[in-house]
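This report refers to the structure that appears directly beneath it.
The values are calculated or read from the model by the stated rules, or taken from the named source; none is laboratory data. Please read all numbers here as calculations on a predicted model, not as lab measurements. Reconstructed Cβ throughout: ideal geometry from the backbone, glycine too, with neighbour counts over all protein chains shown.
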Amino acid sequence: MSAGLMIYNVLCLAVPFSVALLLAALGENFNQRAGVFNLGCDGIMCMGAFLGFMVPFSLKATPWAAYGNLLGIGAALAVGAAMGVVFALVTVTFRASQGIAGIGLQMLGWGLAGTLFRHFVGGVTGVEGMAAIAIPGLSKIPFLGGVLFNHNALTYTALLLVPACWFLLYKTPWGLKVRAVGTHPRAADTMGIHVDRIRYQALMLGGAMAGLAGAYLSLCQAKMFSDDLVAGRGFIAVALVYFGRWSPLGILGGALLFSIAQSFQLSMQVWGIKFPYEFAVMLPYVLVIVVLALARKARQLGPTDLGKPYNREMRF
Amino acid sequence: MNRNKVLYSGAIILAVTLIAALLVALVLFSIGASPLATYKTILTGPLSDLFGVTEVLVRSVPLMLVALGIAISFRSGILNIGAEGQIQMGVIASTAMALAMPHAPKAILLPAALMAGALAGAVWGGIAGWLKAKLQVNEILSTVMLNYIAAQVYTFLLRGPMLDPNELETGSGTPQSMRLPELAFLDTLVPGTRIHMGLILALVAALLVWMLLWKTTLGYRMRTAGAGAKAARYAGIPVERYLIVAMLMAGGFAGLAGAVEVSGVHHRAIEGISSGYGFAGIVVALFGALHPGGIVPSAVFFGILLIGADMTQRSASVPANMVLVLQGVIILSIVSAQSFLRNPYAQERFFRWFGRFSSSARKAGKGVQS
């Protein structure tokens with residue numbers, strides 16, 4: 001096999017692998033920019049993945065079947081936003097410690113998805129999922145066509161969301177408010193910005209995007225649901241936000257790096273290079289730790305009030 | 001001294017439990033199970049006979065050990081979420097140690113196996129502590145990642161180098177290690193049940209942790225580092241060093257829990273041996289107010305919950321994942337209640353609101369009467 005073909009194969013796999021990480025990390029970026037560190041992202045993805053699977057699965061033999069995928073995505077967005085509100089209630093209104101609260105939300109989402117799945121479905125069942133749409137014309141471009149323009153609708157959406165999130169964060173009044181609230185909430189408050197309200201909105205948006213990321217996993221990537229489908233991708237997404245230095249473009253780079261590593265590892269097995277399967281699975285998690293250790297200087301670029309609850313009644 | 005404070009936080013924990021139970025009842029209701037019947041099975045089922053009681057204690061041993069370690073780390077200002085991986089490392093090391101010298105006398109073999117487990121857990125926890133102290137790597141993320149890594153190392157070893165040779169020849173290919181030599185077993189406390197010496201070990205450990213945290217200089221420094229890193233640094237306490245020490249201890253306790261599970265219950269390394277003790281330990285520690293005196297009863301309570309959840313899975317067809325939901329809800333409620341307790345403004349507002357609410361209710365009641 002020629003080297004060019006090898007690279008082509010790796011990249012063709014990498015783009016779809018990156019989507020779930022990309023969506024979740026772009027959402028988490030809004031949370032962190034607003035000053036809230038949402039480790040519950042993983043749990044939200046679990047619930048999004050479950051609903052993204054469950055809705056089309058239960059609509060299979062009904063007249064609604066044609067809209068199943070769409071409704072599933074809608075349900076995943078809604079449950080993500082709802083869990084974002086729950087997290088906001090705990091960390092913004094009650095000002096609880098965000099780290100532990102995030103672990104609580106993760107357990108809740110993970111457990112709830114598993115419970116509901118076992119109760120309503122039980123065994124392993126597939127769904128049809130979303131088909132790839134080749135973009136006419138563009139998909140015929142050699143090399144790039146296969147890598148970029150022959151995917152399902154959610155992949156295109158995720159890639160388009162990168163500039164959209166950038167625009168929202170840097171070029172709109174709301175984005176400015178989000179950044180202000182995460183950097184200096186007291187100053188923002190003095191200027192008449194409702195700190196808590198903006199944080200609620202950011203957490204809802206971030207949650208919805210994490211839910212969408214989950215739905216992508218079950219509807220497009222695996223085309224089924226299981227307890228360990230998400231497998232810590234929510235935590236990787238949180239790490240990607242650090243790695244991407246809180247910018248959508250950086251996050252895209254990080255997500256691609258991770259997915260290239262993953263697809264490279266899969267391709268190596270296809271090419272017959274033997275090494276224990278467990279070490280291959282381990283690779284992304286090791287990569288996260290390395291990336292976090294290298295990205296420590298980046299902390300200074302992040303929102304300064306990240307992780308600190310804001311209390312306008314506190315005098316000092 | 002602070003009897004009121006203890007009563008107050010007791011009342012809060014009770015309120016939190018009730019709120020959590022109500023929220024989970026909603027979930028139970030939505031999947032068509034009767035919340036009351038389910039709770040009754042969970043809470044009374046495990047205690048219906050002596051065997052059930054001892055099984056609850058068997059479950060509470062690892063929970064206690066893990067939660068003690070987590071309490072040390074949380075008190076020192078570092079959030080250890082990695083107990084699950086540290087347990088697995090402890091299981092591997094203690095199994096390997098016990099299998100390496102099958103002919104040693106019990107007085108050497110058993111302590112060596114337990115120590116090996118604790119040491120391996122400490123190393124696994126220490127990695128996260130070192131990363132936090134030297135490279136400012138967020139400890140929650142690194143411990144979560146180390147959990148996933150440990151799980152893979154564990155399966156790799158059980159399916160490869162540590163696989164029982166008998167399984168290859170005659171067995172079903174179940175991934176498990178060789179059976180430990182009997183000299184490496186922890187003695188059974190009550191004949192005919194599975195309750196073992198590990199319970200005594202865990203209770204002694206609880207006492208030692210209390211003494212460490214509240215009666216020694218080291219413990220005082222660790223708590224100071226956790227309560228306010230900046231102030232501690234001004235007082236000349238090398239905060240970073242104590243972060244590492246705390247993670248070494250937390251990992252050591254989790255590793256010990258794994259070693260105790262092997263030598264007290266399963267007698268060999270099997271897949272799924274930790275069965276979520278690492279995560280449940282976090283809830284146990286928080287529920288026990290990060291204090292050994294609270295952790296011991298809270299570990300027994302969660303032992304009941306874990307066994308009860310298994311029972312409802314069989315009798316009421318409520319999936320055992322329900323325990324995770326309950327744990328998540330309890331964590332969210334506890335941290336909310338804690339910050340409420342720390343915030344006098346919020347309490348004052350709440351009581352003012354509550355007072356207005358109750359006085360207007362009284363007025364409304366009077367209106368009806370007259």
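Brief remarks on what is shown
- Any chance A:Leu148 is among the aliphatic types (A, V, I, L, M), over 19 Å from the mean Cα position of the chain (by Cα) and farther than 19 Å from A:Phe17 by Cβ: no
- The single residue among B:Phe302, B:Phe350, B:Phe340 that is touching a helix residue (DSSP H, G or I) at 6+ places or on another chain (Cβ under 9 Å), at pLDDT 80 or above and within 14 Å of chain A (Cβ to nearest Cβ) turns out to be B:Phe302.
- Some residue of the stretch B:50-69 being within 13 Å of chain A (Cβ to nearest Cβ) and within 16 Å of the chain's Cα centre (by Cα): no
- Residues of the stretch A:103-131 classified as on the phi > 0 side of the Ramachandran plot and either free of Cβ contacts under 8 Å to residues at least 24 places away in the same chain or facing chain B (nearest Cβ under 7 Å) (or both), total: 1
Residue by residue, here is whether (1) surrounded by 15 or more Cβ atoms within 10 Å (Cβ to Cβ); (2) modelled with pLDDT under 85; (3) part of a helix (DSSP H, G or I) holds:
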| position | (1), (2), (3) |
| --- | --- |
| B:Met1 | no, yes, no |
| B:Ser9 | yes, yes, yes |
| B:Val16 | yes, yes, yes |
| B:Leu22 | no, no, yes |
| B:Ala25 | yes, no, yes |
| B:Gly32 | no, yes, no |
| B:Leu43 | no, yes, yes |
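- Answer residue from the stretch B:80-102, given it is surrounded by fewer than 24 Cβ atoms within 10 Å (Cβ to Cβ) and touching a residue at least 24 places away in the same chain (Cβ under 8 Å) and is nearest to B:Ile282 (Cα to Cα) among those: B:Ala96
- Selection within the stretch B:137-187: residues that are within 14 Å of chain A (Cβ to nearest Cβ), part of a loop (DSSP other than H, G, I, E, B) and not polar (S, T, N, Q). The member of this set that is farthest from A:Val281 (Cα to Cα) is B:Val137.
- Within the stretch A:281-309, the set of residues being more than 7 Å from chain B (Cβ to nearest Cβ), without any contact (Cβ under 8 Å) to a residue 40 or more places away in the chain and among the hydrophobic types (A, V, I, L, M, F, W, C) comprises A:Leu283, A:Leu287, A:Val290, A:Leu294.
- A:Ser18 falls short on exactly one of the conditions (1) within 16 Å of A:Thr155 (Cβ to Cβ); (2) polar (S, T, N, Q); (3) over 16 Å from the mean Cα position of the chain (by Cα), and that condition is (3).
- Hey, A:Ala88 within 13 Å of chain B (Cβ to nearest Cβ), part of a loop (DSSP other than H, G, I, E, B), more than 17 Å from the chain's Cα centre (by Cα) and buried (at least 16 other Cβ atoms within 10 Å of the Cβ) or not: no
- A single entry from A:Val55, A:Val92 fulfils the requirement of being at pLDDT below 95 and either closer than 30 Å to B:Phe340 by Cα or of a type in the set (S, T, N, Q) (or both): A:Val92.
- Boolean, A:Gly232 is of a type in the set (Gly, Ala, Ser) and either under 26 Å from A:Gly99 (Cβ atoms) or in contact with a strand residue (DSSP E or B) (Cβ under 6 Å, 6 or more places away or on another chain) (or both): yes
- Selection count, the stretch A:73-85, where residues are buried (at least 24 other Cβ atoms within 10 Å of the Cβ) and within 13 Å of chain B (Cβ to nearest Cβ): 1
- Selection status of B:Leu199, assigned to a helix (DSSP H, G or I), more than 14 Å from chain A (Cβ to nearest Cβ) and touching a residue at least 24 places away in the same chain (Cβ under 8 Å): yes
- Qualifying residue in the stretch A:215-226 (condition: under 27 Å from B:Asn138 (Cα atoms) and either buried (at least 18 other Cβ atoms within 10 Å of the Cβ) or of a type outside the set (Asp, Glu) (or both)): yes
- Contacts under 9 angstrom Cβ, first residue in the stretch B:266-290 being in contact (Cβ under 8 Å) with a residue 24 or more places away in the chain, partner part of a loop (DSSP other than H, G, I, E, B) and of a type in the set (Ser, Thr, Tyr), 6 or more apart: B:Arg268/B:Ser177; B:Ala269/B:Ser177; B:Ile270/B:Thr174; B:Ile270/B:Ser177; B:Glu271/B:Thr174
Here is a yes/no grid of residues against (1) under 18 Å from A:Val162 (Cβ atoms); (2) in contact with an Asp or Glu (Cβ under 6 Å, 6 or more places away or on another chain):
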residue: A:Leu212; (1), (2): yes, no
residue: A:Ala215; (1), (2): no, no
residue: A:Ser218; (1), (2): no, no
residue: A:Leu229; (1), (2): no, no
residue: A:Gly234; (1), (2): no, yes
residue: A:Gly253; (1), (2): yes, no
residue: A:Gly272; (1), (2): no, no
